[in-house]
Amino acid sequence: MSNNRRVGRECALKMLFALKLDSDQTDPVGLASSFWTNFRFADDALGEPLETAESPLPTATRMFAETLVNGVAEFRPVIDQVIGAVAKNWSLERMAPVDLSILRIGAYEILYQAEIPARVSINEAIEIAKRYGTKESPAFINGLLDKIAQNSDKKP
């Protein structure tokens, strides 16, 4: 299950990055439909998209990814306010788009997904940051999500 959730989180990251939530485009449902229709994944589902082979993801993975994308889109003003409050000397506009998307997913999980322990959300965000961010991304994301968790009802 955790691997399915990691895959779901990484798919959500890819969708959020494509959605460009900082622009006028705010249709996560349409984006998810297009994402699942047009992307073809390697055997590990996280590799490079393939042109000819399709390896469908489990329904639970797809649903989890869509829950994250829809949740981030719905609660983005609150999530961004919470991130901004703990990001001393960092405006959201100054953050790398990948880091900001990972932070939004992690913050959404901490704030709105009661069944997911904060420590799990933080660790998953760190692992995804190692794969998609810069070498500074994991520490940056860890610090901010840890502060968000400490300020929330879900302690790390």
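The values are calculated or read from the model by the stated rules, or taken from the named source; none is laboratory data. If you're wondering where the values come from, they're calculated on a predicted model, not measured in any experiment. With ideal geometry, Cβ positions are generated from the backbone for all residues, glycine too; neighbour counts draw on all protein chains shown.
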Quick one: in the range 92-115, of everything that is modelled with pLDDT of 95 or more and β-branched (Val, Ile, Thr), which residue is nearest to Leu68 (Cα to Cα)?
Ile105
Scan of the range 77-99 for residues that are touching a Leu at 6+ places or on another chain (Cβ under 6 Å) and under 24 Å from Met63 (Cβ atoms), ordered by number
none
Residue selected from the range 86-108 under the condition closer than 13 Å to Ile148 by Cβ and of a type outside the set (Lys, Arg), by the criterion surrounded by the fewest Cβ atoms within 10 Å (Cβ to Cβ):
Val86
Residues that are within 14 Å of Ile83 (Cα to Cα), at least 3 per element: which helices (runs of 4 or more DSSP H) completely within the range 94-156 meet that?
97-112, 137-151
Given the conditions (1) surrounded by 14 or more Cβ atoms within 10 Å (Cβ to Cβ); (2) at pLDDT 95 or above, report the number of the one that Arg76 does not fulfil.
(2)
Can Leu111 be described as aliphatic (A, V, I, L, M) and crowded, with 22+ Cβ neighbours inside 10 Å?
no
